[in-house]
Amino acid sequence: MSGFLRSFGLANMVTSKSQGLAKLVVPLAGFLEEINGYRKLGLRYDDLIAEESPVVQKAINRLPPKEYYDRVFRIRRAHQLSLMHQLLPKEEYLKPEDDIRYLTPYILEAEAEAKEREYFDSATVVIKK
Amino acid sequence: MLAHRRATSSFLHTARRTLATVADSGFASSTVEGVKLATKEVDTPISTLSFVVKAGSRYSTTPGVAHALERYAFQNTKTRSALRITRESEFLGASFSPSLSRDAIVLTAEFLKDDLAYFFEVLSDVFARPHLARHELAEVVGTLLKLDSTAAAADPSVAVTEALHLAAYRRGLGLPLYAQPSDSISATSVSDYKDIVYTKANLAIVGSGISLDKLSPLVADFLEDAPAGTDVPLPSSPFYAGDVRVPSTAGNAVALGYATSSSAPEFAVLAALLGGTPSIKWSYGSSLLATATQGKAVASLTPYAGSSLFKIIASAGSAEDTSAAAAAAASVLKSVASKPVSSDDLKKAIAQAKFAAVSPLEGKPGLTATGVSLLTTGAVPDTAAILSALDSVTAEKVKSAAEAVVSKVAVAAVGKVAELPYADELL
């Protein structure tokens, strides 16, 4: 379950090391996020992350109370809109600059912890001669 | 007969022993980069290293915050995670024991002599670079705080000691040692408290089985980025008399207390004279309280920086028996206040007071006591001065100490408070 760490490592590598590739990929990512349509339901990208895993559960529990409340509000509002086959009024669409990755840092932290535990659980002791 | 005579002569020999044979506490001290160091070189395979920080509950900016900071010890730091600290110390063979008193938070590591550099680094990580993450308060630290305060409330003698501190000192030393459920502790308040107290000016590093030459360069290596800070002033701790009563289902206990200035050897002798703590298992001993209450009341003197608390704790199961034990203890105290004790009793009490004063300066508690002394007086405890001060106590001084307690006393009662006595009913 080191998927988040790996994909974020890859994204960091692309944006920091390979300028040419970043110029191609970043606008494409923005375009895909836009046509995905979740912003029209008032959701943020991090609201879409599947929460049925121990790591994400841990991350969600570590959110500050306000962030946690807001997340639940956005998801419930999106459910309601989906049931009514409606979108938010155009002026209430989530703006790209408000699409903050509020959960990702917590997921990465929880995943790094799990990885470290796995490392120590399978570590072998080498005695110096 | 012969055996008896031999025992008597060896007793006399011990009683005649003079101060010259008593060694000092054995600590060598110095100051490196604003950090006070003291070490005792003992030739054992195990070394003990304590970071004594002037951050005990009496310095708390908000109630309970010192307890939370103590329980945050050995959690995640910026350089090492809690898991890494645990597993690496298991690989090397060691034990960590953070502890909290009213005077200090103490971070202690015991380890094999060769691993000094590693454990110094871990302790300085915990001291200078703790993470104090908000989620740790919810997941780990908060549970530990609840555990500690519940365990303390479940023991009537601990609960009554806490209540007695409140009655005697109100604030400062009167603040509860453990975080209470009513305290609002957040990661921010703990972090703010850490910024004030976890600084080089408030730190004393005390070790046993470590040489000062080896310790000094480590301070420059690992504590360079620790904030220098300012010396936290010692809050004044005046003595108030009065009653504090805590209804509880844990059991019944009554405590009488009197706070005195820290160098009051006559109170140490008074506590030893009243006694109550057996020195041998399965007996009450022959002290005044032991004979009067059959071991149900115990007198002691707890030293703090700037003040000492003389206390008698009576606890005997039911509220009726506890009240009777407290009344018996009070009448013993009044009889000591009414006439000077015999010279034999005084000699015995002085010898016991000497032991009680010096034995906490040994071993692991000794590191804490030495650190607190370094932080508050600037010097390691002077064993010879402590012992000679106790030697100079006279029967008349003990009598006036007892008179002082009788005239002004703080009383705490825990349990079925409706049945337990008040201060003016006891004395």
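The values are calculated or read from the model by the stated rules, or taken from the named source; none is laboratory data. Nothing here was measured: the structure is a model prediction, and the numbers come from that model. Glycine also receives a Cβ, built like all others from the backbone with ideal geometry; neighbour counts cover every protein chain displayed. All accessible areas refer to the heavy atoms of the entire protein, side chains included, with ligands and DNA or RNA removed. Shrake-Rupley method; radii C 1.70, N 1.55, O 1.52, S 1.80 Å.
Taking A:ASN61 and the conditions (1) open to solvent by less than 100 Å² (accessible area, probe 1.4 Å); (2) within 14 Å of chain B (Cβ to nearest Cβ), which numbered condition does it fall short on, given that it satisfies the others?
Just one mismatch for A:ASN61, condition (1).
Taking the stretch B:320-357 as the region of interest, how many residues are within 20 Å of B:GLU425 (Cα to Cα), of a type in the set (A, V, I, L, M, F, W, C) and under 28 Å from the mean Cα position of the chain (by Cα)? Give the steps one after another, and end with the answer.
Taking the stretch B:320-357 as the starting set, the residues that turn out to be within 20 Å of B:GLU425 (Cα to Cα) are B:320-338.
Then keep just the ones that are of a type in the set (A, V, I, L, M, F, W, C); that gives B:324-330, B:332-333, B:336-337.
Remaining after also requiring under 28 Å from the mean Cα position of the chain (by Cα): B:325-330, B:332-333, B:336-337.
Going through the stretch B:320-357 one residue at a time, the tally reaches 10.
I want to confirm something. Restricting to the stretch B:385-406 and keeping residues that are of a type in the set (Gly, Ala, Ser) and in contact (Cβ under 8 Å) with a residue 12 or more places away in the chain, which single residue is farthest from B:GLY257 (Cα to Cα)?
B:SER388
Could you count how many residues in the stretch B:92-132 are within 14 Å of another protein chain (Cβ to nearest Cβ) and hydroxyl-bearing (Ser, Thr, Tyr)?
Total satisfying the criteria: 1.
Just checking, how many residues over the stretch B:105-129 are part of a strand (DSSP E or B) and open to solvent by less than 10 Å² (accessible area, probe 1.4 Å)? It would help to see each step written out before you state the result.
Restricting attention to the stretch B:105-129, the residues satisfying the condition of being part of a strand (DSSP E or B) are B:105-112.
Now restrict to residues that are open to solvent by less than 10 Å² (accessible area, probe 1.4 Å): B:105-109, B:111.
Residues meeting the conditions: 6.
Of the residues B:PRO217, B:PRO181, only one is modelled with pLDDT under 95, surrounded by fewer than 18 Cβ atoms within 10 Å (Cβ to Cβ) and more than 30 Å from B:GLU162 (Cα to Cα); which?
Working: B:PRO181 fails: more than 30 Å from B:GLU162 (Cα to Cα).
Only one candidate passes the filter, namely B:PRO217.
Residues B:SER236, B:SER191, B:SER186: which one is open to solvent by less than 40 Å² (accessible area, probe 1.4 Å) and among the polar types (S, T, N, Q)? Spell out how you get there, then give the answer.
On the way: B:SER236 fails: open to solvent by less than 40 Å² (accessible area, probe 1.4 Å); B:SER186 fails: open to solvent by less than 40 Å² (accessible area, probe 1.4 Å).
B:SER191 is the lone residue from the list that is open to solvent by less than 40 Å² (accessible area, probe 1.4 Å) and among the polar types (S, T, N, Q).
Go over the candidates A:PRO96, A:PRO89 one by one and state the one that is farther than 26 Å from B:GLU139 by Cα and open to solvent by 70 Å² or more (accessible area, probe 1.4 Å).
On the way: A:PRO89 fails: open to solvent by 70 Å² or more (accessible area, probe 1.4 Å).
Just a single option satisfies the conditions, and that option is A:PRO96.
Given the residues A:VAL14, A:VAL25, A:VAL72, which is the only one that is open to solvent by less than 70 Å² (accessible area, probe 1.4 Å), of a type outside the set (D, E, K, R) and at pLDDT 85 or above? First the steps, then the outcome.
Details: A:VAL14 fails: at pLDDT 85 or above; A:VAL25 fails: at pLDDT 85 or above.
Exactly one of A:VAL14, A:VAL25, A:VAL72 is open to solvent by less than 70 Å² (accessible area, probe 1.4 Å), of a type outside the set (D, E, K, R) and at pLDDT 85 or above, namely A:VAL72.
Among residues belonging to the stretch B:40-72 that are closer than 17 Å to B:LEU374 by Cα and charged (D, E, K, R), point out the one that is surrounded by the fewest Cβ atoms within 10 Å (Cβ to Cβ).
If we take residues in the stretch B:40-72 being closer than 17 Å to B:LEU374 by Cα and charged (D, E, K, R), then B:LYS40 is surrounded by the fewest Cβ atoms within 10 Å (Cβ to Cβ).
Within the set of pairs 6+ apart or on separate chains, which have a first residue in the stretch B:77-91 that is within 9 Å of another protein chain (Cβ to nearest Cβ), a second that is basic (Lys, Arg) and in a helix (DSSP H, G or I), and C-beta atoms under 8 Å apart?
B:LEU83/A:ARG117
Suppose we filter B:ALA385, B:ALA324, B:ALA356, B:ALA330 for residues that are open to solvent by 30 Å² or more (accessible area, probe 1.4 Å), in a helix (DSSP H, G or I) and at pLDDT 95 or above; which single one remains?
Details: B:ALA385 fails: at pLDDT 95 or above; B:ALA356 fails: at pLDDT 95 or above; B:ALA330 fails: open to solvent by 30 Å² or more (accessible area, probe 1.4 Å).
When all the criteria are applied, what remains is B:ALA324.
Which members of the stretch A:83-106 meet the condition of being assigned to a helix (DSSP H, G or I) and either within 14 Å of A:TYR45 (Cβ to Cβ) or touching a Leu at 6+ places or on another chain (Cβ under 7 Å) (or both)?
Taking the stretch A:83-106 and keeping what is assigned to a helix (DSSP H, G or I), we get A:83, A:90-92, A:96-98, A:104-106.
A:PRO96, A:GLU97, A:ASP98, A:THR104, A:PRO105, A:TYR106 - these are the residues of the stretch A:83-106 that are assigned to a helix (DSSP H, G or I) and either within 14 Å of A:TYR45 (Cβ to Cβ) or touching a Leu at 6+ places or on another chain (Cβ under 7 Å) (or both).
Quick one: what pairs do we get from the stretch A:42-59, first residue more than 19 Å from A:PHE31 (Cβ to Cβ), second of a type in the set (S, T, N, Q) and open to solvent by 40 Å² or more (accessible area, probe 1.4 Å), C-beta under 8 Å, 6+ apart or different chains?
Final answer for the pair search is A:GLU51/A:GLN57.
Which ones in the stretch B:284-308 are open to solvent by less than 20 Å² (accessible area, probe 1.4 Å) and closer than 21 Å to B:ASN252 by Cα?
Across the stretch B:284-308, the qualifying residues are B:LEU289, B:ALA290, B:THR293, B:ALA297, B:ALA299.
Can you confirm whether B:VAL32 is at pLDDT 90 or above, under 30 Å from B:LEU175 (Cα atoms) and either assigned by TED's automatic domain parsing to the domain that holds B:ALA168 or surrounded by 24 or more Cβ atoms within 10 Å (Cβ to Cβ) (or both)? If you could, list the steps in order and put the result at the bottom.
Numbers: at pLDDT 90 or above: yes; under 30 Å from B:LEU175 (Cα atoms): no; either assigned by TED's automatic domain parsing to the domain that holds B:ALA168 or surrounded by 24 or more Cβ atoms within 10 Å (Cβ to Cβ) (or both): yes.
Here the answer is no, as B:VAL32 does not meet what is asked.
Only one of A:GLU118, A:GLU52 is surrounded by fewer than 15 Cβ atoms within 10 Å (Cβ to Cβ) and away from chain B (no Cβ under 14 Å); which? Even if it seems obvious, please write down each step before you answer.
Values: A:GLU118 fails: away from chain B (no Cβ under 14 Å).
Just a single option satisfies the conditions, and that option is A:GLU52.
What do you reckon, is B:ALA423 modelled with pLDDT under 95 and more than 30 Å from B:VAL53 (Cα to Cα)?
yes
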